[in-house]
Amino acid sequence: MTNNIKKAVNNTKTIATIALLTMAQLSLADGFNDLNSTATKIRAGLYTFVGILFSITLLWAFFAAKNGQKTWYNILVECLYIVGGGASIGFVAFLFATGGKMSF
């Protein structure tokens, strides 16, 4: 019996399953509203962090291009990376909102 418990604790799939079942019980016990508000706060913090990080990166790239360390083509490529990053975050937000409208 002890050997089976040790095998279960060392298996990451078992631990993940137990964690998901625990979260499911919390969401079924009217904890979903608390979980949803926490996820919304995390998402807002993530938007702020990523926005500041992208702004600093783009500002640094403009200064580097002005000093001749980068070409303006490199600036264009960085702008496309930033647009792609923002679009991916927007798509995840869309999926989050769509998933929140589901009812079972």
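Each reported figure results from applying straightforward, stated rules to the coordinates on display, with no laboratory input. Nothing here was measured: the structure is a model prediction, and the numbers come from that model. Positions of Cβ are generated from backbone atoms using ideal geometry, with glycine treated the same way; all protein chains shown enter the neighbour counts.
Figures for the structure shown
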{"item": "Pair residue 101, residue 53: separation of 7 Å Cα→Cβ label points (nm)", "result": "3.0"}
{"item": "Under 5 Å, built H, 5+ apart or other chain: amide partners of residue 70", "result": "65"}
{"item": "Distance in nm between pseudo-label sites at residue 76 and residue 37 (7 Å out along the Cβ direction from Cα)", "result": "4.9"}
